[in-house]
Amino acid sequence: MRKATTVTLLIAASTALASCGGGNGLFNRDRPDEFAVQRQAPLVVPPDFNLVPPAPGAPRPAEGTAAEQALDALFGGPAPRSGVETSVLDRAGSAEPGIRSKIGDAETNTVAKGSVTRDIIAAPEGDGASAQAVIPS
């Protein structure tokens, strides 16, 4: 009798432990993103009954995405540029359309920074324990 009870308890305990090993438990499940959910505007009767209904699945024309609504609520929409920012952008001009591909070209001229810069870049990383700073007087 004692052996049968021990075997029964052992089988029940192993079954309970085996059920804990699944990957789809309480804490490992796919959940919807609660920040991607947005509220829908209340339904209103249109003032003009000759309107064409929207296509199924099309976004609502009066509303933006949840991200756009959040940015608008946080920052109040696009702000006008200051005079300094406008002046800097006017002086900078516009970039050439293919400038990124020209930079990686082998015929692009580069500036030699010297041996000191190469030594600094090639220096091994240290732990900073022996670092010193000298302030010239």
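The values are calculated or read from the model by the stated rules, or taken from the named source; none is laboratory data. Remember, it's a predicted structure, so these values are computed and weren't measured experimentally. As a convention, Cβ positions derive from the backbone with ideal geometry for all residues, glycine included, and neighbour counts pool all protein chains shown.
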Out of segment 78-112, which residues are among the basic types (K, R) and in contact with a helix residue (DSSP H, G or I) (Cβ under 9 Å, 6 or more places away or on another chain)?
-> R81
Residues that are β-branched (V, I, T): which helices (runs of 4 or more DSSP H) entirely in segment 59-117 hold 1 or more of them?
-> 83-92, 99-103
If you go through G128, G98, the only one that is on the phi > 0 side of the Ramachandran plot and either of a type in the set (K, R) or modelled with pLDDT under 80 (or both) is G128
In this structure, is K113 at pLDDT below 75 and surrounded by 10 or more Cβ atoms within 10 Å (Cβ to Cβ)?
-> no
Cross-chain or 6+ apart pairs with Cβ under 9 Å, segment 89-117 first and of a type outside the set (S, T, Y), then part of a helix (DSSP H, G or I) and surrounded by fewer than 10 Cβ atoms within 10 Å (Cβ to Cβ) | K113/I121
